[in-house]
Structure formats: structure tokens, C-alpha cells
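Input: a single structure, listed below in C-alpha cells.
Each value in this text was obtained by applying a stated rule to the coordinates, not by laboratory testing. Computed from a predicted model, the values in this text were never measured in an experiment. Methodologically, a virtual Cβ is constructed for each residue, glycine included, from the backbone with ideal geometry; neighbour enumeration extends over all protein chains shown.
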Amino acid sequence: MRNWFKRLGFRPFFIRLLHWEYWTFHSIYLPIYPVWFFLSLRARSFFFFAAANPRIRNGGFLSESKKDIAPLIPSHLHPKTAFFSIPANPDLVLSELGRSGLQFPLIGKPDIGGRGRGVKALRDEGDLRDYVRNVYVDFHVQEFVHFKQEVGIFYYRYPNELQGRLSGIVRKEFLQVEGDGILSIRNLIRKDRRAILQEKTLEESFGTILDSVLAPGEIKVLIPYGNHARGAKFLDGSRLIDETLTHTLDQICQQIPEFYFGRLDIRFSDWDQLREGKQFCIIEVNGAGAEPTHIYDPRHSLFFAWKEIIRHWIILWKISRQNHRRGVPYLTLREGIRMFREDKKNSQRLAAMKF
């Protein structure tokens with residue numbers, strides 16, 4: 001009986017059911033929507049968030065284009081990137097990448113994405129051609145940043161204050177397995193609950209490579225980027241916030257025009273160097289729709305997550321209200337409805353993609 005329950009615990013349905021971090025977005029957020037409704041009433045707009053980051057479309061809540069955000073980030077802190085519209089010709093994409101000096105390995109990403117959907121590691125020309133043929137949204141191809149560690153750091157600054165603050169750090173452990181000299185990579189995946197949920201995707205990516213056996217202690221990184229939806233383990237590193245890191249990030253974020261609220265996804269070499277502003281790269285800047293992703297640490301309860309989400313909603317509300325008083329408009333009802341319709345259409349296209 002004990003073995004039967006153990007086997008049951010490794011089935012994808014029960015893994016998702018018993019670990020709230022895998023629940024759907026609305027399953028997590030539905031109980032606290034009344035708080036959002038209350039804040040909207042106080043702001044006299046359901047779309048107050050658009051005023052949080054005036055230079056980013058919709059404040060970065062939904063449907064914001066990475067192509068528009070990238071020029072706002074200091075170029076020396078952002079990976080080299082080429083943007084493309086669909087339909088795209090693989091030969092022309094390869095030609096443009098060559099002119100831009102981009103070489104494999106690369107990362108393909110939707111221009112308007114979310115939660116890791118449509119992101120794929122491109123190891124060679126074959127991967128690139130396959131990606132271009134199967135992408136249904138505008139996309140960009142980004143150089144692969146070889147720094148081994150990745151974090152998401154949540155930053156905010158009230159418009160009436162000179163200095164910003166950090167409100168959360170998530171450390172990201174990429175999905176990987178460790179060899180024992182006996183089991184194949186496939187069987188190692190089946191012994192890891194987090195990896196089991198990615199088995200189909202990994203089969204499509206690696207094929208027969210999954211039948212190989214790793215040497216004892218050998219590490220195989222299966223998905224080399226920090227997306228929770230792609231198996232990365234999120235750990236709360238908020239205790240690492242200190243005065244030095246806050247000063248470093250504040251100086252960087254104040255170089256991003258009128259950026260007051262959001263999360264920076266950063267790859268880096270060494271934590272002490274990152275604190276000092278050295279050896280790191282900003283992969284992505286997320287605005288008003290950014291989650292405080294440290295909530296997804298498996299050690300945290302759903303109640304902790306609700307508390308942190310609400311805390312960040314209140315900060316977002318205060319920033320938006322201050323900017324609105326300075327003349328930054330909220331979205332109109334028509335603009336807000338159009339935003340949600342665009343997001344729904346984009347989500348359907350992303351869902352239809354193979355990766």
C-alpha cells in the first residue's frame with residue numbers, strides 16, 4: 001500500500017494537485033480578486049496599473065512588447081537581440097543574425113510572452129529553422145548569456161521619492177539531473193517530480209539522448225533558463241537584500257526612463273560581483289504585471305503567496321496614483337478591454353505552438 005501511494009505521488013495530476021505552485025493562475029488569484037476590486041474602486045479605474053510605468057505600454061501589465069522595452073535598458077547591460085515579425089523566412093532570419101553578430105547557442109522568445117511560453121533554446125541552425133517555422137507570434141532571438149546563475153529581483157520606487165527599494169528576490173535553479181552511472185537520463189527524470197512534468201517537452205528536445213547514462217556525479221542541465229513553467233525551481237532569496245545591492249539596482253533602474261515598478265530577471269557570475277554591479281546581464285524587464293516570483297518557493301504556503309501578492313498590489317496602486325496625479329493617464333475602459341482581447345489572442349497563439 002505504501003508503494004502504491006508513493007507511485008501515485010509521482011503522477012503528474014497528483015504532483016500538480018498537491019503542490020499549489022503548479023496551480024493555474026486564476027486558481028491562485030481568485031480568492032484575492034476582491035482586494036484588486038477594492039483598489040480599483042479607490043483609484044476610480046480598473047486599469048490604474050497602466051500609470052505605473054509611463055514609458056511602457058499598459059505599464060507593462062499585459063501585451064507589452066519586448067521590442068519596445070529593450071531600447072529603454074542600458075545597452076551594455078542587455079544581451080544582444082534581434083527582433084522579427086511573422087511570417088518570417090528562416091534564411092532571412094539567419095542572415096540578419098549574422099549581420100547582428102549573433103552566434104549559436106541562442107534563445108528564441110516571443111515578443112509578447114509570459115510565464116515562459118514560447119521560449120526555446122536554439123543550439124544550432126536546425127533548431128533556429130524549426131523555431132521560425134513553428135512560431136505564431138512576433139519573436140526575438142537573443143544571445144545566450146553564459147553566466148551560470150539567474151535571479152529575479154523586484155524593484156519599486158515611489159515617484160515622489162529619490163531612491164528605490166527592493167521587495168523580493170527569487171533564486172532560480174535550472175532543471176537538471178545528476179548521474180549515478182546506472183540510470184538513463186530518462187529514468188532520472190522519472191525520479192524527479194519537477195522533471196516529470198517536463199518529460200514530454202524533454203523528449204521532443206533531446207530524443208534518444210535521454211537513453212544515455214551519465215557518469216556518477218555528472219550534471220546534465222535539461223532546460224538552461226529560469227522559467228518556472230519549464231521546470232526551474234524558484235527559491236526565496238529575499239534575505240539577501242542589503243544596502244549595497246539596493247543601491248546598485250536603484251542606480252540601474254533609474255537609467256530606465258520612468259520605470260517605477262517591476263522585476264528584473266538577471267543572469268550573473270558571482271553574487272558579490274552582482275552586488276557591486278559587475279559581471280551580470282539583464283535578461284528581461286517586467287513591468288506592472290510582474291509577479292513577486294519568490295512566492296513560488298516550495299517552502300512557502302499559499303497564504304504567504306497571497307500576502308506578498310497583495311503587498312505588491314498596494315505598492316503598484318500607490319505608485320500609479322502618484323503618477324496619475326502628475327498627469328499620467330489610466331487606460332480607458334475601451335483601451336482596457338482591447339488590452340485583454342489582445343492578450344487572449346496572443347495566449348491562444350502561444351498555446352498552439354509546439355514549445
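At a glance:
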item	result
Mean ellipticity per residue at 222 nm, deg cm²/dmol - from DSSP H runs of n ≥ 4 across the chain, formula -39500 (n - 2.57)	-10500 deg cm²/dmol
Gain on full stretching of the segment that runs from Arg129 to Leu30 - 0.36 nm per residue minus C-alpha separation	31.6 nm
The chain - percent relative contact order, Cα under 8 Å, separation 6 or more	25 percent
Per-residue HN-Hα couplings for the stretch 286-293 [Karplus 6.51, -1.76, 1.60; θ = phi - 60°; Hz; x = Gly/Pro]	10, x, 4, x, 5, 8, x, 5
Phi-based couplings in Hz for the stretch 278-284 (Karplus 6.51, -1.76, 1.60; Gly and Pro marked x)	10, 6, 8, 8, 7, 6, 7
Cα-centred dipole magnitude for the chain, charges only on beta-carbon of K, R (+1) and D, E (-1), debye, nearest 20	1340 debye
17 Å cut-off, amide nitrogen to a point 7 angstrom out along Arg42 Cα→Cβ, residues in the stretch 309-327	309-325
The stretch 187-236: chymotrypsin sites (Phe, Trp or Tyr not before Pro) falling in loop per DSSP and having at most 12 other Cβ within 10 Å	none
Using distinct alpha-carbon pairs, which all enter the 1/r mean, Kirkwood radius of the chain in Å	21.7 Å
Student exercise, the stretch 80-144 dipole from Lys, Arg, Asp, Glu Cβ charges, in Debye to nearest 20	240 debye
10 Å Cβ shell holding at most 16 others, DSSP loop, GluC sites (Glu not before Pro): longest site-free stretch of the chain	1-160
Positive-end residue of His324, Met339, Trp306, charge dipole of the stretch 302-355 with Cβ unit charges	His324
Computed over the stretch 80-144, Kirkwood Rh from alpha-carbon pairs, angstrom	11.4 Å
Neighbour-limited loop hits for trypsin sites (Lys or Arg not before Pro), the stretch 153-238 (at most 10 other Cβ within 10 Å; DSSP other than H, G, I, E, B)	none
At R0 = 45 Å, FRET efficiency that the Cβ-Cβ distance of Gln255 and Leu333 yields, to 0.05	0.85
Projected label distance in nm at His19 and Lys148, using a 7 Å step from Cα toward the beta-carbon	2.4 nm
Dipole magnitude of the stretch 179-338 about its Cα centre (Cβ charges: Lys, Arg +1; Asp, Glu -1), debye to nearest 20	720 debye
In the stretch 1-110, the chymotrypsin sites (Phe, Trp or Tyr not before Pro) that fall in loop regions by DSSP, at most 16 other Cβ within 10 Å	Phe10, Trp23, Phe46
Extension reserve of the Leu162-Ala229 stretch, reckoned as 0.36 nm per residue once the Cα distance is removed	20.5 nm
